[in-house]
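Dropping the structure in here first, questions after.
The values are calculated or read from the model by the stated rules, or taken from the named source; none is laboratory data. Nothing here was measured: the structure is a model prediction, and the numbers come from that model. We place every Cβ from the backbone using ideal geometry, glycine too, and count neighbours over all the protein chains shown. Just so you know, the surface numbers come from the protein's heavy atoms only, side chains and all, with ligands and any DNA or RNA stripped out. Shrake-Rupley method; radii C 1.70, N 1.55, O 1.52, S 1.80 Å.
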Amino acid sequence: MDIRKSALIGRPHGEMFDLIEAAEDYPAFMPWCAGATVLERDANVVVARIQVDYRGARFAFTTRNAKRRPEWMAIALDEGPFERFEGEWRLTDLAPRGCRIDFALSYVFGGALLGRLAAPVFDAIADTMVDAFARRAELISPSVPGGMS
């Protein structure tokens with residue numbers, strides 16, 4: 001499956017990057033995320049283990065994501081039920097209080113049974129990622145008059 005999404009957000013790109021990079025906060029606003037643990041974090045990489053429990057599908061995966069704050073983060077599978085799992089976040093500064101987010105993800109589940117069970121659920125999850133971060137930004141930071149929301 002290949003997912004590509006873009007959005008204009010009325011928040012600075014650094015703020016949005018920090019929301020995306022903070023995997024430990026995902027359970028607070030992603031209904032599919034049963035748990036998230038950051039295993040490693042420095043200026044160049046974040047490694048996180050994500051637990052999915054949604055609509056009967058339960059599995060976990062670990063990603064090792066190279067990053068250049070606040071413009072870019074790669075998504076790369078370290079461990080999990082995928083045959084392929086790769087993508088990226090690109091954030092473009094548009095104004096002092098606005099940015100463009102571009103999200104791309106390409107994945108294939110390993111194993112026919114897991115693929116049949118989990119793929120439809122994960123397709124729905126991946127398809128709503130950008131929207132989830134946009135909603136989170138609205139909740140934690142009030143809109144700016146004349147912003148790009």
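Identify, among LEU77, ALA137, ILE125, the residue whose Cα sits farthest towards the positive end of the charge dipole of the range 37-147, taking +1 on the Cβ of Lys and Arg and -1 on the Cβ of Asp and Glu, with the dipole about the Cα centre.
The one lying farthest along the dipole's positive direction is ALA137.
When the Karplus curve 6.51 cos²θ - 1.76 cosθ + 1.60 is applied with θ = phi - 60°, which whole-Hz ³J(HN,Hα) does each residue of the range 16-28 get, with x for Gly and Pro?
Along the range 16-28, the couplings run 5, 4, 4, 5, 5, 6, 7, 4, 4, 8, 3, x, 6 Hz.
Return one whole number: the accessible area per residue of the chain in Å², for a 1.4 Å probe. List each step's numbers first, then the result.
On the way: 7570 Å² over 149 residues.
That works out to 51 Å² for each residue.
Using each residue's phi in the range 74-91, evaluate 6.51 cos²θ - 1.76 cosθ + 1.60 at θ = phi - 60° and report the 3J(HN,Hα) Karplus result to the nearest Hz, with x for Gly and Pro.
Whole-Hz 3J(HN,Hα) from phi for the range 74-91: 7, 10, 9, 5, 9, 7, x, x, 9, 7, 9, 7, 7, x, 6, 10, 10, 10.
What percentage of the solvent-accessible surface of the chain, computed with a 1.4 Å probe over protein heavy atoms, is contributed by carbon and sulfur atoms?
Details: 3920 of 7570 Å².
Percent of accessible area from carbon and sulfur atoms in the chain: 52.
Can you work out D for the range 1-106 in µm² s⁻¹ from Stokes-Einstein, where Rh is the Kirkwood radius over C-alpha pairs, the temperature is 4 °C and the viscosity is 1.567 mPa s? Walk me through the numbers before you get to the answer.
Numbers: Rh = 14.3 Å.
Diffusion coefficient, whole number: 90 µm²/s.
Okay, helix-only estimate at 222 nm for the chain: each DSSP H run of n ≥ 4 adds -39500 (n - 2.57), divide by all residues, round to 500 deg cm²/dmol; what do you get?
Values: 4 runs with 41 residues, N = 149.
Only helices count here, giving -8000 deg cm²/dmol.
Shifting gears a bit: Can you give the local net charge around PHE17? Use residues other than it whose beta-carbon is closer than 11 angstrom to its beta-carbon, Lys and Arg +1, Asp and Glu -1. Can you show the working numbers first?
Details: positive: ARG11, LYS67, ARG68, ARG69, ARG90; negative: GLU15, ASP18, GLU21, GLU71, ASP93.
Computed value for this residue: 0.
Could I ask something else about it? Can you give the local net charge around GLU71? Use residues other than it whose beta-carbon is closer than 15 angstrom to its beta-carbon, Lys and Arg +1, Asp and Glu -1. Could you put the intermediate results ahead of the total?
Working: positive: ARG11, LYS67, ARG68, ARG69, ARG90, ARG100; negative: GLU15, ASP18, GLU21, GLU88, ASP93, ASP102.
That works out to 0.
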